[in-house]
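Q: Let me give you the structure first, and then I'll get to my questions.
The values are calculated or read from the model by the stated rules, or taken from the named source; none is laboratory data. Predicted model, so just to flag it, every value in this text is computed and none were measured. Cβ: placed from backbone, ideal geometry, glycine included. Neighbour counts: every protein chain shown. Side chains are part of the model used for accessible areas, which takes the heavy atoms of the whole protein and leaves out ligands, DNA and RNA. Shrake-Rupley method; radii C 1.70, N 1.55, O 1.52, S 1.80 Å.
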Amino acid sequence: QVQLVESGGGLVQAGESLRLSCVASGGTFSTYAMGWLRQAPEKEREFVAAISWSGRDTYYADSVKGRFTISRDNAKNTVYLQMNSLKPEDTAVYYCAASVLVPRRVPNEYNYWGQGTQVTVSS
C-alpha cells in the first residue's frame with residue numbers, strides 16, 4: 001500500500017508560480033509512474049501531468065503544456081509539479097497519484113491517491 005502526501009499549495013496571483021511536492025511511503029516508489037491531477041469546484045477530476053518511473057518520459061494536458069513541469073527524485077520518494085504563469089482557471093485541488101507500470105491520463109486508472117492540496121489563483 002502506497003501513501004501519498006502532497007504539499008505546496010496556496011493562494012497566488014495570476015502570473016505567479018508554485019511548486020507542489022508529493023512524498024510517497026509504503027511502497028517501492030521507483031516502480032510507479034506518477035501523475036498530478038486536479039479537480040475544480042463542480043467539475044470532474046482531470047489529468048494535468050504524468051511521469052514514467054524513470055523520469056525519462058513526461059506527459060502534459062494541453063492546458064498546462066509549456067507552463068507546468070513534472071519531475072521526480074526517486075532517491076527522495078518525491079514527485080514535483082512546478083507551475084509557472086498561473087492562471088485563475090488553474091484554481092483547483094491538486095492530487096498526486098501513483099499508477100502501476102505506466103503513466104496514465106485517465107484518473108480512474110490510478111491505483112493510489114493523496115489527499116490533495118488546494119491551489120487558488122486570483123486575477
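Q: Calculate what fraction, in whole %, of the accessible area of the chain sits on carbon and sulfur atoms when a 1.4 Å probe is rolled over the protein chains.
A: The value for the chain is 47 percent carbon and sulfur by accessible area.
Q: In nm, to one decimal, how far is the modelled label at THR31 from the one at VAL5, with both set 7 Å along Cα→Cβ?
A: 2.3 nm
Q: Quick one: if the Förster radius is 30 Å, what FRET efficiency do GLN39 and THR69 give, using the C-beta to C-beta distance and rounding to 0.05?
A: That pair, GLN39 with THR69, gives E of 0.90.
Q: Between the DSSP loop rule and a limit of at most 12 other Cβ atoms within 10 Å, which trypsin sites (Lys or Arg not before Pro) in segment 27-123 are left?
A: In loop regions of segment 27-123 (DSSP not H, G, I, E or B), the sparsely surrounded trypsin sites (Lys or Arg not before Pro) are LYS43, ARG56, LYS65, LYS76.
Q: Got the relative contact order for the chain handy, in percent, Cα pairs under 8 Å and 6 or more residues apart?
A: Worked out over the chain, it gives 36 percent.
Q: Would you mind getting the accessible area per residue of segment 26-75, heavy atoms of the protein chains only, 1.4 Å probe, in Å²?
A: 54 Å²
Q: Could I ask something else about it? For the chain, what is the per residue volume of the convex hull drawn over the alpha-carbon atoms, in cubic angstrom?
A: Enclosed volume per residue, from the Cα hull, is 89 Å³.
Q: Loop only per DSSP, at most 12 neighbouring Cβ atoms within 10 Å: give me the GluC sites (Glu not before Pro) in segment 24-123, ordered by residue number.
A: GLU42, GLU44
Q: Roughly how many whole Å is it from the C-alpha centroid of segment 66-123 to that of segment 28-50?
A: 5 Å
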